[in-house]
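Trainee: Structure incoming, see below.
The values are calculated or read from the model by the stated rules, or taken from the named source; none is laboratory data. Predicted model only: the values in this text are computed from it and were never measured. We place every Cβ from the backbone using ideal geometry, glycine too, and count neighbours over all the protein chains shown. For accessibility, only protein heavy atoms count, side chains too; no ligands or nucleic acids. Shrake-Rupley method; radii C 1.70, N 1.55, O 1.52, S 1.80 Å.
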Amino acid sequence: ERRERKRKLSKEMAEKATRELEKMQLKEKADIKYKEWLEKKRAEEAEKMKKEKEKEKERMAELQEKRTRSEKIFKEWLQNARNKPQPALNGFPNGRSTGLYVQYTNRK
């Protein structure tokens, strides 16, 4: 009976040790998978940030190009506007009458 109990106890201890070993192996696998996932996620995040920075650079370059083009066009317009003759104001050259203007009325 004692031997039987010892055998049973040792069998239980062996099973318990086996279960613990399996648990540890499972935990190690889970840790490895988690680390791989985390590394992949960080790489994706870094790639995303890189793309966002590139897009921002492109947007800023386009904005600068547009600003430069607008300034150039404005300067050309300003130069051309100086060379154009001024329109006659109120139908008179230089905004003043050149002769006497008399209003005739119909009197009966």
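Trainee: Can you check what the net charge comes to around Ser10, using other residues whose Cβ is under 12 Å from the Cβ of Ser10 (Lys, Arg +1; Asp, Glu -1)?
Mentor: Here the count lands on +4.
Trainee: Along the range 17-24, what does the Karplus equation 6.51 cos²θ - 1.76 cosθ + 1.60 (θ = phi - 60°) give for ³J(HN,Hα), rounded to whole Hz, x for Gly and Pro?
Mentor: 3J(HN,Hα) across the range 17-24, in whole Hz: 5, 5, 4, 4, 4, 4, 4, 5.
Trainee: Counting only protein heavy atoms and using a 1.4 Å probe, what share of the accessible area of the range 1-85 belongs to carbon plus sulfur, as a whole percent?
Mentor: Here it works out to 55 percent.
Trainee: Using Cα positions and a limit of under 30 Å, work out the lysines in reach of Lys6, with same-chain residues fewer than 8 apart set aside.
Mentor: Straight-line reach from Lys6, under 30 Å: Lys16, Lys23.
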